[in-house]
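Following: one structure in structure tokens, then a few remarks.
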Amino acid sequence: MSSDETPNVPSPRNTREAVREKAQKVHAQQSRARVMRRIILGAIAIVAVGAIGTAITLAVSAQVSKPQLTPGGMDDDGILVSDISASAMSDSTVAPPSPGETEAGGEATPTPEPTTSSTVDIHIYVDYLSPDAGEFERANARQLVNWISEGAATVTYHPVALLTASSNGTKYSLRSAAAAACVATHSPAQFYAFNHDLLDDQPEVNTDGFSDAQLADIAGAVGSDNVKSVRSCIEDQDYVTWAKEATSRALEGPLVGSDDLVLTAAPMIVVNGEAYVGALDDPSEFSQFVLTVASDAYYATETPTPAPTPTETTEPAPSETPAS
């Protein structure tokens, strides 16, 4: 059977137009997809930047709003040790010597006599990482305790941080000074024992030093009255800013009781306003220096007792004898 009908086959022109139209649709879809991706990425970037900005703002605000805490009982950035009770002494802390006894077992060094106006005032600036500070404490702790116990001297310790950069980035000098302030504030009766233990058993320079948790453990071991508060204060680094500022004040001077002294090293020992420059490991030399300073102060302030001024007396008039 024949037919004049032709098959329904699209012409080449129609085919090209269909392909072009489909390509345009695909291109439009791809363009819309690219635009949407850009919008989404832009939105994500904006959200991320906003979140980072918010976090920075909150962190800065928290830092700014955090109060700058000042330790209690530390006038002039130091804690006065005027009395040492048995409860303040740990097993490792030196005890007062018996009469006539020294650390070496020889003759006791003389005790400075208090003047009529006051005792001898000794200020000791210590960095708990300084080997020299540890050496001075180990050599002189016994006689310092003796003088304090006898009321011959007052001793004030000033924690400073000169070796902050010498502990592998842990800032041990700064943290230990702040820890000492925590003990002075929350458990002052145990400050001397804590201070002595940190100086007697020091970490070496250029090591990490004790962690905050270890410092809190040492404070607990000496019998802190308020263990929780002391630990929280140390581990939260409450007085780190104070320790930094106290060090700056000491470096700028003048040091307590002096006219022009500034902190130049640790330890720095100031007796009645005069800096000790002798051997740190010789308690006899230090004792002689203290005696000399105390004597100079005594004679500089002593005034002679005024002699009594004679008062004029009137001789009684002889009684008249009536004429007989």
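Evaluation of residue 160 against the conditions (1) of a type in the set (Val, Ile, Thr); (2) more than 21 Å from residue 267 (Cα to Cα); (3) touching a Ser or Thr at 6+ places or on another chain (Cβ under 6 Å) shows that the sole unmet condition is (2). Here residue 158 meets each of (1) over 23 Å from residue 295 (Cα atoms); (2) more than 15 Å from the chain's Cα centre (by Cα) with one exception, condition (2). Screening segment 246-259 for residues that are in contact (Cβ under 8 Å) with a residue 60 or more places away in the chain and part of a helix (DSSP H, G or I) and picking the one that is surrounded by the fewest Cβ atoms within 10 Å (Cβ to Cβ) gives 249.
Do we have any residue at all in segment 146-155 that's in contact with a helix residue (DSSP H, G or I) (Cβ under 8 Å, 6 or more places away or on another chain), hydroxyl-bearing (Ser, Thr, Tyr) and buried (at least 20 other Cβ atoms within 10 Å of the Cβ)? No: zero hits. Candidates 290, 262: the one that is part of a loop (DSSP other than H, G, I, E, B), modelled with pLDDT of 90 or more and not acidic (Asp, Glu) is 262. Summed over segment 132-163, residues that are free of Cβ contacts under 8 Å to residues at least 60 places away in the same chain and not in a helix (DSSP H, G or I) total 2. Of the residues 258, 211, 284, 295, the single one that is in contact with a strand residue (DSSP E or B) (Cβ under 7 Å, 6 or more places away or on another chain) and at negative phi is 258. Within the set 271, 230, 222, the sole residue that is within 21 Å of residue 153 (Cβ to Cβ) and among the β-branched types (Val, Ile, Thr) turns out to be 271.
Condition check ((1) at pLDDT below 95; (2) of a type in the set (D, E, K, R); (3) touching a helix residue (DSSP H, G or I) at 6+ places or on another chain (Cβ under 8 Å); (4) within 23 Å of residue 139 (Cα to Cα)) across all residues:
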residue	(1), (2), (3), (4)
157	no, no, yes, yes
169	no, no, no, no
175	no, yes, yes, no
193	no, no, yes, yes
197	no, yes, yes, yes
203	no, no, yes, yes
218	no, no, yes, yes
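Which of the residues that make up segment 204-237 are more than 15 Å from residue 191 (Cβ to Cβ), outside any loop (DSSP other than H, G, I, E, B) and more than 17 Å from the chain's Cα centre (by Cα)? Answer for segment 204-237, where residues must be more than 15 Å from residue 191 (Cβ to Cβ), outside any loop (DSSP other than H, G, I, E, B) and more than 17 Å from the chain's Cα centre (by Cα): 217, 228.
Of 88, 43, all but one fail to be surrounded by 10 or more Cβ atoms within 10 Å (Cβ to Cβ), more than 30 Å from residue 251 (Cα to Cα) and modelled with pLDDT of 60 or more; the exception is 43.
The values are calculated or read from the model by the stated rules, or taken from the named source; none is laboratory data. Keep in mind the model is a prediction, meaning the values are calculated, not measured. Because the Cβ atoms are built from the backbone with ideal geometry, glycine has one as well, and the counts that use them run over all protein chains shown.
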